[in-house]
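Below is one structure, written out as structure tokens; the observations come after it.
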Amino acid sequence: MDDREILLETFERIRKALFDCDVESLRELIAEDYIGYDPSGNPQNLAMTLEVYKPGGAKLDRYDVEELDVRIVGEIGIMSGKGYIHGTFADAEFEHDLRFLDLYIRREGSWKLYLSQVTPLGAE
């Protein structure tokens, strides 16, 4: 498998772990010094992400991806595209149409999600 295929596989493993509320897999796939920004622009770190997706937390029922672009520059993987997520958290329904930009770094022989930025899309 080449680097691009391994990066795509890592992306898919993260999506599956989010659906399954599998915090152990998320801990393995996300860098300890991860930072992300939610659709409201609020920063998140690894501990916050694991807390949200632990069993009994956020539950996704859709996570669709379109226009996926994958680039690798040295030890950095860059993924961007459009996404739609839908689910529940704390008994409240949520859904977001967004553009995303994720940066992965290669550490200890594997890709780790390092930075994630999402931008909500207005009605089109």
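The values are calculated or read from the model by the stated rules, or taken from the named source; none is laboratory data. Just so we're clear, the structure is a prediction, and the values are computed from it rather than from any experiment. Cβ sites come from the backbone with ideal geometry, for glycine too, and all protein chains shown count toward neighbours. Just the protein is used for accessible areas: all its heavy atoms, side chains included, with ligands, DNA and RNA removed. Shrake-Rupley method; radii C 1.70, N 1.55, O 1.52, S 1.80 Å.
So how do Met79, Met1, Met48 rank on accessible area, 1.4 Å probe, biggest first, that is with the largest at the start?
Values: Met79 0, Met1 150, Met48 95 Å².
Of Met79, Met1, Met48, the descending order of accessible area is Met1, Met48, Met79.
For the stretch 4-124, the Cβ-based charge dipole about the Cα centre amounts to some 280 debye (Lys, Arg positive; Asp, Glu negative; other atoms uncharged). Listed by chain and number, the aspartates and glutamates whose alpha-carbon sits under 15 Å from that of Lys16, ignoring those within fewer than 8 places in the same chain, are Glu24, Glu28, Asp61, Asp64.
Since only His86, Asn45, Ile14 are under comparison, the one whose Cα sits farthest along the positive direction of the charge dipole of the chain, derived from C-beta charges on Lys, Arg, Asp and Glu, is Asn45.
Applied to the stretch 34-50, the Karplus parametrisation 6.51 cos²θ - 1.76 cosθ + 1.60 on θ = phi - 60° returns per-residue 3J(HN,Hα) values of 4, 9, x, 10, 6, x, 8, x, 6, x, 9, 10, 4, 4, 5, 5, 5 Hz, with x for Gly and Pro.
Can you tell me what percent of all Cα-Cα pairs in the stretch 36-124 are more than 22 Å apart? Intermediate values should be presented prior to the final figure.
Details: 1253 of 3916 pairs.
Looking at the stretch 36-124, the distances longer than 22 Å represent 32 percent of pairs.
Would you work out the relative contact order for the stretch 1-120, in percent, from Cα pairs under 8 angstrom that are 6 or more residues apart?
Values: 230 pairs, mean separation 29.1, N = 120.
After rounding, I find 24 percent.
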